[in-house]
Amino acid sequence: MAARITASLTFLQHILAEVVRPGDLAVDATVGNGHDTALLARLVGPSGLVHGFDVQAEAIESAGRLLAAAGLAERVRLHAQGHERLAEVLPQADHGRAAAVVFNLGYLPGGDETRVTRPETTLAALEGSREILAPGGVVALACYGGHAGGAEETDAVAAWCRALPFAAWRVARYELVNKPGGPIVAVIAHKLPKPGSGNAP
């Protein structure tokens with residue numbers, strides 16, 4: 001079968017499906033309308049847990065309705081707070097346990113397009129992600145450059161990724177370079193398993 005080039009978001013979903021397992025802990029750092037949250041909830045299964053963060057009440061409400069309709073609400077804890085507080089909000093016992101932390105940057109689809117994620121809070125959230133991520137886990141980001149401030153945020157994410165030590169992390173970037181309109185850049189930052197685990201690349 002011929003190889004297929006997929007959209008950036010589909011690429012991230014494939015990676016998450018490879019990494020997140022039933023019983024895992026996962027975090028959606030930008031809940032939005034809840035689609036990534038629902039994906040993570042399906043992946044962790046009834047024995048797992050997803051924490052979701054969003055500063056917009058309408059996003060939390062929309063995601064709550066979607067999760068309830070899908071029968072996934074019991075697997076998710078929604079927090080009406082900025083993602084820069086994720087490490088503070090998660091119980092200390094869960095630090096170092098998250099299989100994935102997912103970011104879908106930009107603005108709420110169908111919402112106020114002037115309310116966007118910002119580099120300063122996103123970078124703080126990425127630092128928090130390093131603290132809560134398990135060895136072998138991933139930080140998955142969709143970065144959008146087509147709105148005001150989007151290119152600057154994408155550049156800030158890229159700089160953060162470049163600064164991660166190669167001995168402990170592997171970072172890959174995926175982009176459809178001929179896509180019309182604003183680019184969507186998918187980034188995967190993989191925290192390497194501990195030496196001797198047998199899973200290091």
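The values are calculated or read from the model by the stated rules, or taken from the named source; none is laboratory data. A quick note: this is a predicted structure, and the numbers were derived from the prediction, not measured. Cβ sites come from the backbone with ideal geometry, for glycine too, and all protein chains shown count toward neighbours. In case anyone asks, the SASA skips ligands and DNA or RNA and just uses the protein heavy atoms, side chains included. Shrake-Rupley method; radii C 1.70, N 1.55, O 1.52, S 1.80 Å.
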Could you figure out which of (1) open to solvent by 50 Å² or more (accessible area, probe 1.4 Å); (2) over 21 Å from Gly106 (Cβ atoms); (3) of a type outside the set (D, E, K, R) isn't true of Gln13?
(2)
Meets criteria (farther than 15 Å from Phe103 by Cβ, of a type outside the set (Lys, Arg) and not in a loop (DSSP other than H, G, I, E, B)) for Thr10
yes
Pairs, please: C-beta under 8 Å, at least 6 apart or cross-chain, first residue outside any helix (DSSP H, G or I) and in region 159-173, second not hydrophobic (A, V, I, L, M, F, W, C)?
Ala168/Lys191; Trp169/His190; Trp169/Lys191; Arg170/His190; Arg170/Pro201; Val171/Arg162; Val171/His190; Ala172/His190
Quick count over region 134-145, residues being surrounded by fewer than 24 Cβ atoms within 10 Å (Cβ to Cβ) and either within 15 Å of Ala87 (Cα to Cα) or free of Cβ contacts under 8 Å to residues at least 40 places away in the same chain (or both), is 1
Could you list all residues from region 40-58 that are open to solvent by 40 Å² or more (accessible area, probe 1.4 Å) and part of a helix (DSSP H, G or I)?
Arg42, Ala57, Glu58
The correct count of residues that are in a helix (DSSP H, G or I) and open to solvent by less than 30 Å² (accessible area, probe 1.4 Å) in region 61-84 is 5
